[in-house]
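Student: The structure's right below; bear with me while I get my questions together.
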Amino acid sequence: MTSSSSSSLLVVITFLLFSPLCLSRESPSQIPDGTLNLSLLWYGQFTPVQKERVHDFIESLNYDAKEGLDPKVSAWWKVVESYQERFEVKEIYRQKSSRIVAPMIKVKVVRSYVDEKMMFGKDLTIDNGEKLVETAVGNMSKVVPVVLLSSQVRAHNVGFCNATCQEYGLTIKSNIKGQEKKQPYIMVSDPEVQCPGECAWPFRMANKGPHGMTYQPPSGEIGADALIIQLATGLADVATNPAITESLFKSEPPYSTDGNHSSSIYIVDPATKCYRVFGSGAFPGFTGRIRVDPLTGGAFNSHGINHLKFLIPSIWDPKTKSCYTPM
């Protein structure tokens, strides 16, 4: 990739992450029929627990357990889905009463690819970052690649450690016909190694601000559960961004394009907005109200498949205009 294209990609990533005007009306068809197809690229070596937790968490997003295990991961995901109510939904989502309803966003893994040898090296840069996204996509269409970086990978100047160890964006390239193609992606670094005081809290001591107490991870492995926090943040932010999801709906933008978005109840990056909030009553240095499993000592705030427990971030709820916390 040329230096000019590297610069262009950096501009695109920065623009998408930090500008509210990034929500373009020209958006890619990446989530057809309310399905978020994920292609996972495991770059480097991961523990079995890390891989299991990621797959179990993704499967838990649409799993509405009937055993009465509350709160549920699926309830958290319903807040993500509620962001689609700002659009006029396609006819297939209308109920018989003609009342417009928000569609479910079904999340599934369509591919899981492991590259333990790290074909593009152990140093992540803007240049090989784009190659990783392309590798995760492969020859598939209408997928959102999720690039998971192992503890062996070191990221350089790609935006990690700025209150998060994940990022999402759109890569833009031209096809053989000279037409631009927008490809959304999520990239997650290893939070236990890449800025643990910033990205693995509350399982690691915070590196700045009020430290508060640390907790045991619900799976028993910090690298696995800190990874879930970052992955959940990325998935929620991607699935609520109209630049990626607008293709599901007819037009009716939730806000004007005059640059004044302060009155909008729908915000950009709703999970990042609720950074370090895990339960009600949270304040700097304190997660908020969460539970501790008396058997394992692991801290959690939601249930998933197979009675598994997760600690997941809060998300901005447009209906209450506050951070939704599972507990």
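The values are calculated or read from the model by the stated rules, or taken from the named source; none is laboratory data. Note that the structure is a prediction, hence the values are computed from the model and not measured. Cβ atoms come from the backbone with ideal geometry, glycine included; neighbour counts cover every protein chain shown. Heavy atoms of the whole protein, side chains included, go into the accessibility calculation; ligands, DNA and RNA do not. Shrake-Rupley method; radii C 1.70, N 1.55, O 1.52, S 1.80 Å.
Student: Can you list residues whose amide H is under 5 Å from Ala155's amide H, if they're 5+ apart or on another chain and H is modeled 1.01 Å from N?
Tutor: Long-range HN contacts for Ala155: Leu124.
Student: Got a sec to turn the phi values of segment 311-326 into Karplus ³J(HN,Hα) couplings, 6.51 cos²θ - 1.76 cosθ + 1.60 with θ = phi - 60°, whole Hz, x for Gly and Pro?
Tutor: Ordered by residue, 3J(HN,Hα) equals 10, 10, x, 6, 9, 5, 9, x, 7, 9, 6, 7, 6, 6, 10, x Hz.
Student: Can you run phi through the Karplus equation (6.51, -1.76, 1.60; θ = phi - 60°) for segment 154-161 and list ³J(HN,Hα) in whole Hz, with x for Gly and Pro?
Tutor: For segment 154-161, the Karplus-derived couplings read 10, 8, 10, 6, 10, x, 6, 6 Hz, x marking Gly and Pro.
Student: Another question, if that's okay. Going highest first, how would you order 184-197, 39-52, 301-314 by mean Cβ packing within 10 Å?
Tutor: 184-197, 301-314, 39-52
Student: Karplus couplings for segment 199-215 from phi (6.51 cos²θ - 1.76 cosθ + 1.60, θ = phi - 60°), rounded to Hz, Gly and Pro as x?
Tutor: Those phi angles translate into 10, 10, 5, x, 8, 10, 5, 5, 8, 7, x, x, 6, x, 8, 9, 10 Hz.
Student: Oh, and also: Non-local amide H neighbours of Ser322 (under 5 Å, H modeled in plane, Pro and chain starts lacking H): which ones?
Tutor: Asp317
Student: Among the listed pairs Lys106/Lys181; Lys142/Lys273; Lys131/Lys309; Lys51/Lys142; Lys66/Lys319, which have their C-alpha atoms separated by more than 29 angstrom in this model?
Tutor: Beyond 29 Å: Lys131/Lys309.
Student: Another one. So how exposed is Thr233, as accessible area in Å² (1.4 Å probe, rounded to 10)?
Tutor: Thr233 has an accessible surface of roughly 10 Å² with all protein chains in place.
Student: For segment 274-327, which whole-number percentage of the solvent-accessible area (1.4 Å probe, protein heavy atoms only) is attributable to carbon and sulfur atoms?
Tutor: Summing carbon and sulfur atoms, their accessible area is 60 percent of the total for segment 274-327.
Student: Turning to a different aspect of this structure: Using a cut-off of 12 Å between beta-carbons, work out the net charge of the residues near Pro284 (Lys and Arg +1, Asp and Glu -1, Pro284 not included).
Tutor: Around Pro284, the surrounding residues sum to +2.
Student: Roughly how compact is segment 278-327, stated as its Cα Rg over 2.2 N^0.38 Å to two decimals?
Tutor: 1.22
Student: Follow-up question, since we're still on this one. Taking amide H positions as placed in the peptide plane 1.01 Å from N, state which residues far from Leu41 in sequence (5 or more) or on other chains have amide H under 5 Å from it.
Tutor: Tyr113, Val146, Val147, Leu148
Student: Once you place label points 7 Å from the Cα toward the Cβ at Val114 and Ser322, how far apart are they in nm?
Tutor: So the label points at Val114 and Ser322 sit 4.5 nm apart.
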